[in-house]
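Data first, discussion second: the structure below is written as structure tokens.
Please treat every number below as a calculation from the coordinates, not as lab data. Predicted, not measured: the structure shown is a model, and the values here were computed from it. Cβ placement follows ideal geometry from the backbone for every residue including glycine, while neighbour counts extend to all protein chains displayed.
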Amino acid sequence: MKDKVSVEIVENWLKGWCLSREVSFPVPYKSGFKVIVGDEKQKERFVFPKLNDDFFQLAHSIDEPWIYLKVSSSPGEFIQKIPERWKLQPQGYMMTCFHPMNFPEISLAEGYYLEFSEYNTTFVVSIVAENGEQASIGRVSLIDDIAVYDRIITEKNHQRKGLATFLLKELEKIALSKGFSNNLLVATEEGKLLYETLGWKMYCLHTSVVIPAED
């Protein structure tokens, strides 16, 4: 775990995330950033590169649902110090790979084909099954000198066929062709294991809390 998380790295990742999700760029908020997401279950997100009073003040002042607080810190450092209305989300891991990824020799599993699309410097690769079902999809957003990988998903009934690895290879090909080899992403617990085999390293924890709506 890094003692000092770079504000610039967190901001670059967040800008890429915004491009991928087609929302406005982050704006500075005290020592962190604010993004208006506008989703029903994520109205806004505040992202803090370090845990400090700015985070705690927000946690105590916000009581409406679906505003996310995210911080590069382990939950143990703050969860007992914020109101119980905040619920911890599954652990995220910010990861870096400042060199081309290390791929095994791999080809696309039989019975699948690729589709490509793009929007605002975000490139989308989909792997589609012969019956037209989307099996895997992912995005890479290119911003400044960083490639931000986002929403890499393989559907349950298409897993264990190397699709995610092949997808990442195709996304990286696009990034490299445009001169981008500094890579950032936030992984889930499961995704982290895959990325580590490809040469990614954990940069810092990415911990989220939210107040869910009452039923």
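Here the calculated FRET efficiency for PHE56 and GLU189, from their Cβ-Cβ distance with R0 = 22 Å, stands at 0.25, rounded to the nearest 0.05. Considering only GLY32, GLY138, GLY162, the mean-square fluctuation computed in a Gaussian network model of the chain, springs between alpha carbons under 10 angstrom, is largest for GLY162. Pairwise Cα separations in segment 97-201 fall into 10 Å bins from 0 onward with the following percentages, short to long: 15, 51, 31, 3.
Residues of segment 49-83 with the amide nitrogen closer than 17 Å to a label point 7 Å from the Cα of SER6, along Cα-to-Cβ, please. Only 49-50, 72 pass the distance filter.
Remark: spin-label model distance LYS34-ASN157 equals 4.5 nm, labels positioned 7 Å along the Cα→Cβ axis.
Normalised by the number of residues in segment 97-201, the average gap of Cα pairs under 8 Å and 6 or more apart makes the relative contact order 30 percent.
Taking the Cα centre of segment 154-215 as origin and assigning +1 to Lys and Arg Cβ atoms and -1 to Asp and Glu Cβ atoms, the resulting dipole is close to 460 debye. Take the Cα of LYS87, step 7 Å toward its Cβ, do the same at GLU196, and the gap between the two points is 2.9 nm. Sparsely packed loop sites in segment 59-112 (the GluC sites (Glu not before Pro) outside DSSP H, G, I, E and B with at most 10 other Cβ atoms within 10 Å) comprise GLU84, GLU105, GLU110. Rounded to the nearest 500, the 222 nm mean residue ellipticity of the chain from helices alone is -7000 deg cm²/dmol, with -39,500 (n - 2.57) taken per DSSP H run of at least 4 residues.
Taking Cβ atoms as reference points and 10 Å as the exclusive limit, the residues near ASP150 contribute a net charge of +3, counting Lys and Arg as +1 and Asp and Glu as -1. Given their separation in residues at 0.36 nm each and the Cα-Cα distance between them, SER117 and GLU77 gain 10.3 nm when the chain is fully extended.
The stretch between ALA213 and ASN182, if pulled fully straight at 0.36 nm per residue, gains 7.4 nm over its current Cα-Cα span. Taking every C-alpha pair closer than 8 Å and separated by at least 6 residues, the mean separation divided by the residue count of the chain gives a relative contact order of 28 percent.
Each Lys or Arg adds one and each Asp or Glu takes one away; over the other residues whose Cβ falls under 15 Å from the Cβ of PHE180, this sums to -1. Largest GNM mean-square fluctuation among VAL125, VAL23, VAL35, using the chain with Cα springs under 10 Å: VAL23. Distance distribution P(r), segment 93-140, all Cα-Cα pairs, bin width 5 angstrom from 0: 5, 16, 18, 21, 22, 13, 5, 1 percent. Considering all C-alpha pairs of segment 31-82, those separated by over 19 Å amount to 24%. Here the Debye sum runs over all C-alpha atoms of the chain as equal scatterers in vacuum, and log10 of I(q)/I(0) at q = 0.09, 0.15, 0.17 Å⁻¹ comes out as -0.37, -0.99, -1.21.
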